[in-house]
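Below: one structure, written as structure tokens.
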Amino acid sequence: MRLSPWLPLLPVSLALQLPFQLPFLRPSSSPDSPTVSSAPQPKRIAIVGAGPAGSSAAFFFSRAARQAGEDVEIVVFEKEGRVGGRTTTVQPYDDPELEPVEFGASIFVDANKNMMKAAKAFNLTLREDEPEALEGEDSVGIWDGKEFVFESSNWSWWNTAKMVWRYGVRAPLRARSLTKSAVSSFLSLYSPAFLAANAPAGHPAALLAQLNFTDLVAQDALGYLVGNGVDRRFAEEVVEAATRVNYGTDLGVIHAVGALVSLAGSGGTQIKGGNWQVFEKMVEHSNATVHYNTTVLAVSALPVSPPKYTLTTTTTSSALSAASSTFDAVFLALPPHSLPSLPASALAPPKTPYIPLHVTLFTTSSPHYAYPPPSSSSSHPPSMVLTSHEALRAGKLEARLPFNSVNYLRKIERERRDEWVVKVFSEGEMSLQDLEGFVGVGKVGWVKRRLFYAYPRLVTNPEFAPFELDENLYYPSAFEPFISTMDTQTLAARNVVGLLAEKWGWGGWGDGCSPEAEETETEGKEEGSGEEVWTWLC
């Protein structure tokens, strides 16, 4: 749920395993003893959850096995009837003739290399983030509950002038520099040289150290920004607007990395028809067996070495029983509050709180807001309204703002009349009266609401779980308290696949992302097949 096109001064582009059996202590075959096949059995992997992390884990693992010349069986268990997790779409009025609207994770940016690469690999169409908005200028404003403290427009020179007038020259430039530096470090995760020099991380703290982010997650964003020369007003108004829309968190609470990632959201795009298609394609190309509408209740370890795991699920069909006998490894691609019961020997992840985010989509016959009211210098309110709690901190408000953001997304035509689709992020549920407060009484049509526990609270000095909770029991969500996006979930999944592949002697962590390996992978592959631009790592 990344939305921050409002900051014109801060653009950021942004081996082979040979299985064997010990020849000694093996009984010789005879007419009285059955012959046992010595053929190696494929490794069996269970993945719990088919969101971005689980889907990409299936994809990367299938590629790692292929590169190592190994056979694997991948079984995915998903509690819902679809792939994608928090990436989901709806169609206004449930009308199949209308283009789907992103309900969950909305956009990704240039710095999200895996999402960008997947769009190309799977021949998916990119579109700009909701191009049809309000009549008139497509603009963004920051509302503090009393007034618009900043408004942008289509004129970049005028945006620059207004920003310099309110915040000075240094604040935007300094924030841009800090953001660019952080994004540069983050982009190391896609670098063949970085992967060759650094083994898969066993713990998120090790990965933070590799990226030089340890100090950043130990500091709150406000203190970090002000301490590094960013004007306090700019931080509390502009940067907080970004952290509230991206992570539902005020600036004084979120860690510095969370704020800098929020600022790196310019140039947002999405997949036409829904971002979930990336993850559906990943599962499809992994050749995994998927069991939908199946909740995993417990993971149990058998008393053998190496470990084997069994799963207890809510589904008891014969097909599922055959698929869920035993597994050599389990990937838990779930947030901590959704984890099944684990073996007693497993480490319990910290109970990281996730933020309840109410997302409301509705249609309206009004081409512009009634609230917040337009400023004296504007004939219409901005098409996107972001928020800051600066007025609350100053004692001008008695309570927190009822919404984090409100955004006119696009115009639709229904029954020969124009309507506009509007999206609201809020801490509490939006009633019909609340929605009419934005656009006017009697002007709300279709309404769709959903509560997401979309991301963890990105607090300073977060407590991390290791990526491996027990032998061959992996937890890619250990990465989430550092940063939470669709793309970072794919990176976490790739890391845990790397850990298991290294343990099983498959190799390929450094070699698999070399330019030579990638060139070999792309030879003779048809564009759009999902085969032409992927080694298992990059």
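The values are calculated or read from the model by the stated rules, or taken from the named source; none is laboratory data. Please read these numbers as outputs of a predicted model, since none were measured by experiment. Neighbour counts run over all protein chains shown; Cβ positions are idealised from the backbone, glycine included. The accessibility values were calculated without ligands, DNA or RNA, using every heavy atom of the protein model including side chains. Shrake-Rupley method; radii C 1.70, N 1.55, O 1.52, S 1.80 Å.
Residues in the range 240-255 that are within 13 Å of Glu390 (Cα to Cα) and not in a loop (DSSP other than H, G, I, E, B): Glu240, Ala241, Arg244. Among the residues of the range 383-400, those identified as open to solvent by less than 60 Å² (accessible area, probe 1.4 Å) and either more than 10 Å from Trp143 (Cα to Cα) or in a strand (DSSP E or B) (or both) are Ser383, Met384, Val385, Leu386, Thr387, Leu392, Leu397. Per the conditions (1) modelled with pLDDT under 95; (2) within 25 Å of Tyr474 (Cα to Cα); (3) within 19 Å of the chain's Cα centre (by Cα), the sole criterion not satisfied by Pro204 is (1). Has the range 321-339 got any residue that is in contact with a Leu (Cβ under 6 Å, 6 or more places away or on another chain), of a type outside the set (Lys, Arg), farther than 30 Å from Gly442 by Cα and modelled with pLDDT under 90? So far as the range 321-339 goes, yes, one or more of its residues are in contact with a Leu (Cβ under 6 Å, 6 or more places away or on another chain), of a type outside the set (Lys, Arg), farther than 30 Å from Gly442 by Cα and modelled with pLDDT under 90. Checked against the criterion of being buried (at least 20 other Cβ atoms within 10 Å of the Cβ), within 27 Å of the chain's Cα centre (by Cα) and of a type outside the set (Ser, Thr, Tyr), the range 148-171 has no qualifying residue. With respect to Val90, is the statement that it is under 30 Å from Phe186 (Cβ atoms) and either surrounded by 24 or more Cβ atoms within 10 Å (Cβ to Cβ) or at pLDDT 90 or above (or both) true? Answer is no for this residue.
The number of residues in the range 47-77 being assigned to a strand (DSSP E or B), crowded, with 24+ Cβ neighbours inside 10 Å and touching a Phe, Trp or Tyr at 6+ places or on another chain (Cβ under 8 Å) comes to 3. Contact map, the range 417-440: first residue within 18 Å of Pro372 (Cβ to Cβ) and part of a strand (DSSP E or B), second residue open to solvent by 60 Å² or more (accessible area, probe 1.4 Å) and of a type outside the set (Val, Ile, Thr), Cβ cut-off under 7 Å, separation 6 or more or different chains; pairs are Trp420/Lys411; Ser426/Pro402. Among the numbered conditions (1) touching a Lys or Arg at 6+ places or on another chain (Cβ under 7 Å); (2) among the acidic types (Asp, Glu); (3) surrounded by 24 or more Cβ atoms within 10 Å (Cβ to Cβ), the only one that Asp250 does not meet is (3).
Candidates are the residues of the range 202-239 that are among the β-branched types (Val, Ile, Thr) and part of a helix (DSSP H, G or I); the one that is farthest from Leu401 (Cα to Cα) is Thr214. The condition (being in a helix (DSSP H, G or I), closer than 30 Å to Leu98 by Cβ, among the β-branched types (Val, Ile, Thr) and within 23 Å of the chain's Cα centre (by Cα)) is satisfied by just one residue among Val278, Val261: Val278. Is it the case that the range 406-423 has a residue that's under 28 Å from the mean Cα position of the chain (by Cα) and over 23 Å from Ala105 (Cα atoms)? No: the range 406-423 contains no residue that is under 28 Å from the mean Cα position of the chain (by Cα) and over 23 Å from Ala105 (Cα atoms).
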